[in-house]
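The values are calculated or read from the model by the stated rules, or taken from the named source; none is laboratory data. Treat the numbers as computed from the prediction; the structure is a model and nothing was measured. Note that we place each Cβ from the backbone using ideal geometry, even for glycine, and neighbour counts take in every protein chain shown. All accessible areas refer to the heavy atoms of the entire protein, side chains included, with ligands and DNA or RNA removed. Shrake-Rupley method; radii C 1.70, N 1.55, O 1.52, S 1.80 Å.
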Amino acid sequence: MTRTEKLLAELIALPSVNPAFVPPPPAASARQARSSHPFAGEKRVADFLASFAARAGLDVEFQKVAPGRSNVIARLLPPGKIRQTILLAPHLDTVGAGDSQFVPRRKNGRLYGRGACDTKGSVAAMLTALCELANAKSRPRETEIVFAGLVDEENAQIGSRALVRSSAFRRLGQPAATTDRLKAGLQTAVLAIVGEPTRLQVVTAHKGSLWLQLETRGRAAHGATPQLGQNAIYEMARIVAALETDYAARLRKRRHPLLGTATVNVGTISGGAQPNIVPDGCAITIDRRTLPGETEAGVRREIAALLRARKLSARISSKKLAPCPPLETSPKLPLVRHFLRSTGQTRPAGVDFFCDAAVLSAGSISSVVFGPGDIAQAHTADEWISLAVLEHGKNLLLNFMKSLP
Ligand SMILES: [Zn+2]
């Protein structure tokens, strides 16, 4: 068994379900009760990784994000002046699962279990690579490498949001502002490699996600005399049809070279009270996946204009508390080019799913996404990862880090 596989099996056996996804106990009063669920929270995994990294000689600290929820940070400092920083940033939480998924199972060259590919596989590959680097003869002389195991990626990304706000990491976003580096006249650079299952492709772009609510208002009347009322569901039905046809067609015309087209999905609908009342309200929520360059304000304006042109009207509001912007990192940045070359790739890839990379990027930390495993197996009832790919991922990361100055 390789070190990477052993670490991954240990991580799968430590449940770290995002507290947002465990069932609340009966009559629970929200968050506190949910976090007491035996599978909830990242603490077990964070504590385990902290002692694992400390044993390998890394400098370890916790960054408290919420009660009982901390990012775990492990640093390998270079012997010389820090000229650049590589941030290895996978997340520690998973979506929910049945009990049997917390027992790692090896079969036909695969390891099964919750988090195997999303994204404890990346955690294991990244931290094993870093620990091996710490004990290798040749190490970067001027590159600092930081492993940051982040909480809450699967829900509201409070881990990565806290990381970019923290003073220790803000300097990564503004390297020129660090006075001793300025004095030394050093050029600094930073690249975050966010761990997610990308089939070991270097991903420089992903879509953003926007949840909007649209509400129509009508006028209630007796079901026997519908002509006296105004039916909010009929109005909404026309809006839904317009989104499915005209709006979706318009989105299909917008193409990003790595991401394809933007999309829209009507995900929920509710309205009306009972059959014999003309409904005076109806609401839908939509999930709009955005391309780089699209903003929430712009999307709301374009939907409002679409409705106006059809003489339809709805109140549009935001349903997501935290913004999830698209990611677009230039593949021409020197560290991105170096990483592509080091992994033998000529061209970066794009993915549909949103992740912490966009949050770090919005905090001015250039980010790419990279990790073993396939998103097709993420969040499934038989989540697995290929052990050969896992090991290959660890080696690609190790070779990349060894090649840094
Ligand atoms: Zn993930």
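Numerical summary
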item	result
Over 26 Å (Cα to Cα) - which of 120/207; 64/320; 207/311; 120/319; 207/253 fall in this group	207/311; 120/319
Candidates 371, 281, 350, ranked by Gaussian network fluctuation over the chain, Cα under 10 Å, top entry	281
Candidates 360, 340, 390, ranked by Gaussian network fluctuation over the chain, Cα under 10 Å, top entry	340
Size of charge dipole - the stretch 263-339 - debye, nearest 20, with Cβ of Lys, Arg +1 and Asp, Glu -1, no other charges	180
Angle in degrees between helix 43-55 and the longest Cα principal axis of the chain, rounded to the nearest 10	20
Protein accessible area in the stretch 37-115, 1.4 Å probe - carbon and sulfur %	53
Protection-proxy order for peptides 72-78, 327-333, each taking the mean of Cβ atoms within 10 Å per residue, highest first	72-78, 327-333
Helix 3-12 axis, angle to the chain major axis (alpha carbon atoms, nearest 10°)	40
Cα gyration tensor shape for the stretch 1-152, rounded if a/c is under 1.5, else prolate or oblate	oblate
Peptides ranked, highest mean first, by Cβ atoms within 10 Å: ranges 234-241, 6-13	6-13, 234-241
Accessible area per residue, Å², the stretch 265-405 with all protein chains present, probe 1.4 Å	47
Degrees separating the helix 232-242 axis from the principal Cα axis of the chain, which is the longest one	50
Within the chain, helix-based [θ] at 222 nm, where runs of 4 or more DSSP H residues each add -39,500 (n - 2.57), nearest 500	-9000 deg cm²/dmol
Per residue value of the accessible surface for the stretch 82-126 (all protein chains in place, 1.4 Å probe), Å²	31
For the chain, with +1 on Lys and Arg beta carbons and -1 on Asp and Glu, the positive-most of 361, 334, 11 along the dipole	334
Share of carbon and sulfur in the accessible heavy-atom surface of the stretch 201-318 [1.4 Å probe, %]	53
Considering only the chain, percent of DSSP beta bridges that pair antiparallel, nearest 5	70
Of 395, 71, 231, the one that fluctuates the most in a GNM where the chain has Cα springs shorter than 10 Å	231
Dipole magnitude of the chain, debye to nearest 20 (Cβ charges: Lys/Arg +1, Asp/Glu -1, about Cα centre)	980
Proximal lysines relative to residue 137, as straight alpha-carbon distance under 26 Å, when same-chain residues fewer than 8 apart are discounted	6, 81, 394, 402
Simple Cβ-charge dipole of the stretch 46-88, Lys/Arg +1 and Asp/Glu -1, about Cα centre, in debye nearest 20	160
The chain: relative contact order in percent, alpha carbon pairs under 8 Å with at least 6 residues between	23
